[in-house]
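*Asks:* Below you'll find the structure I mean.
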Amino acid sequence: MKFLPIKSREPQSEFFGKRGISWHITVVSDNNTFDTDSDVSDSSQEVNDHEMTDLLKKTKMMGVSNETETKNFRYKVFVHVFDQCSQDSETIGTILNDILCRVKETDPQIKSAFIRSDNVDCYHSANTLVSAKQISEKTGIAIRRIDFCDPQDDKGPCDRYAAVIKSNIRRYLNENHNITSASEFVEACHSHKGVKGVLALGCQIANNAQKKDIKCKIKQITDYFNFEYLINGLLVHRSWNVGSGLLIPWLQLNCNRSIFNLISRGIEGFVHEWVQTNEHSANQNVD
């Protein structure tokens, strides 16, 4: 997304013709109870209605209530800010590679990742999907699946954190500061002790002048929303877990993509730690 540069006291002559600052938000969520070494697919964990009814009856007979059950999660938020960059698949692949490298560096036990994104062209493109295969090999975190939200879907966690970050930036701006560059944007994000769990980085792609690779194409890619990475190819679905899907062999795709290097600058001395949170059941009261 774009953030228009703004000054604390700005004349009207500088209001028009602005070039926006590009910033990308990524929310990394980790389920502490999830077994990363397990190769069991999602379909093997399905329970039919009769089994679920019997399970609920047994639970009630044992006197165990599921209303107080919680699941432990932890999350991190990454914000990559660019003074100037192209909103293309090469940039997205570079950001994704940087995030997985940082996660692998702090948590070596993480071995797989599932990605969910919106339907922006630079995300929902064949080049980005093919680059993910090389990113998995480079970072050591296997990308199992990439899912895209349905059109006209509700807001996701990235949109919610964007609102919180903008509120913190507005507070910084009202204290007679300017936000006209990526470095000032990063400083504004970390002002007032920052937003919990958010790491902002001023970034620049090192070798973006390099000749781009041949573009990869997948026919009618906008009709598919679920992409699963298999050994023999890319399995695509229109809707998740509906039908057998369409398998596209890797030989039909240009898998030799270039992953550019990312030069990032953050706040010195800032420690980016996981934030623990709990998911409460729907029947549990929220204060």
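*Asks:* Quick one: Karplus J couplings for segment 5-17, per residue in order, coefficients 6.51, -1.76, 1.60, θ = phi - 60°, nearest Hz, x for Gly and Pro?
*Replies:* Per-residue couplings from phi come out as x, 8, 10, 5, 10, 10, x, 5, 5, 9, 7, 9, x Hz.
*Asks:* For the pairs Lys111/Lys219; Lys104/Lys133; Lys2/Lys155; Lys104/Lys166; Lys76/Lys193, note any where the Cα-Cα span goes beyond 21 Å.
*Replies:* As for pairs spanning more than 21 Å Cα to Cα, those are Lys111/Lys219; Lys104/Lys166.
*Asks:* Next question, about the same structure. Return the long-range amide H neighbours of Ile143 (sequence gap of 5 or more, or a different chain), with a cut-off of under 5 Å between placed amide H atoms.
*Replies:* Those lying under 5 Å, H to H, from Ile143 are Ala113, Ser136.
*Asks:* Now, a different point. Of the GluC sites (Glu not before Pro) in segment 156-264, which ones lie in a loop per DSSP and count no more than 12 other C-beta atoms within 10 Å?
*Replies:* Glu175
*Asks:* Any chance you could run the full-extension gain for Phe16 through Trp240? It's 0.36 nm times the residue separation minus the Cα-Cα distance, nm to one decimal.
*Replies:* 76.2 nm
*Asks:* Now for a separate question. Report the one residue of Ile146, Ile267, Ser191 whose Cα lies farthest in the direction of the positive end of the charge dipole of segment 130-272 (charges on C-beta: Lys and Arg +1, Asp and Glu -1; origin at the Cα centre).
*Replies:* Positive-most Cα among the choices belongs to Ile146.
*Asks:* Given R₀ = 41 Å, FRET efficiency for Glu175-Asp150 by Cβ-Cβ distance, to 0.05?
*Replies:* According to the calculation, E is roughly 0.50.
*Asks:* Oh, and also: Classify segment 230-281 from the C-alpha gyration tensor, please: rounded if a/c falls under 1.5, else prolate or oblate depending on whether a/b exceeds b/c.
*Replies:* Verdict is oblate for segment 230-281.
*Asks:* Which whole-Hz couplings ³J(HN,Hα) result when phi for each residue of segment 184-189 is put into the Karplus expression 6.51 cos²θ - 1.76 cosθ + 1.60, θ = phi - 60°, listed in order with x for Gly and Pro?
*Replies:* 5, 5, 5, 5, 5, 5
*Asks:* About the Cα centre of segment 119-243, what is the dipole size in debye to 20, counting +1 per Lys and Arg Cβ and -1 per Asp and Glu Cβ, all else neutral?
*Replies:* Charge dipole, segment 119-243, about its Cα centre: 200 debye, nearest 20.
*Asks:* Taking amide H positions as placed in the peptide plane 1.01 Å from N, state which residues far from Leu234 in sequence (5 or more) or on other chains have amide H under 5 Å from it.
*Replies:* Under 5 Å from the amide H of Leu234 lie the amide H atoms of Ile248, Trp250, each far enough along the sequence or on another chain.
*Asks:* Okay, next question. Tell me which residues come under 5 Å, amide H to amide H, from Ser117 once H is placed; ignore anything under 5 positions away on its chain.
*Replies:* Correct list: Asp147, Phe148, Cys149.
*Asks:* On to the next question. Provide Val236, Val242, Val79 in ascending order of the number of other Cβ atoms located within 10 Å of each residue's Cβ, fewest first.
*Replies:* Val242, Val236, Val79
*Asks:* Within a 10 angstrom radius of the beta carbon, how do Phe270, Phe185, Phe16, Phe260 rank from fewest other beta carbons to most?
*Replies:* Listing Phe270, Phe185, Phe16, Phe260 from fewest to most nearby Cβ atoms yields Phe16, Phe270, Phe260, Phe185.
*Asks:* If you plug each phi of segment 109-126 into the Karplus form 6.51 cos²θ - 1.76 cosθ + 1.60 with θ = phi - 60°, what whole-Hz ³J(HN,Hα) values come out, in order, with x for Gly and Pro?
*Replies:* Rounded to whole hertz, the list is 6, 6, 10, 9, 8, 10, 10, 10, 9, 8, 9, 5, 4, 5, 8, 8, 9, 5.
*Asks:* Rounded to the nearest 20 debye, what is the charge dipole size of segment 153-202 about its Cα centre when +1 sits on each Lys and Arg Cβ and -1 on each Asp and Glu Cβ?
*Replies:* 200
*Asks:* Given points 7 Å out from each Cα along the Cα-Cβ axis, report the Glu268 to Gln134 separation in nanometres with one decimal.
*Replies:* The answer from the label model is 3.5 nm.
*Asks:* Let me ask something else. Please give the length that would be gained between Lys219 and Gln87 if that part of the chain were fully extended, namely 0.36 nm times their separation in residues minus their C-alpha to C-alpha distance (nm, one decimal).
*Replies:* My answer for the length gained is 45.4 nm.
All of the numbers you see were taken from the coordinates with simple rules; none came from a lab. The structure presented is a predicted model; accordingly, all values stated were derived computationally and were not measured. A quick note on method: Cβ atoms are made from the backbone with ideal geometry, for glycine too, and the neighbour counts reach across all protein chains shown.
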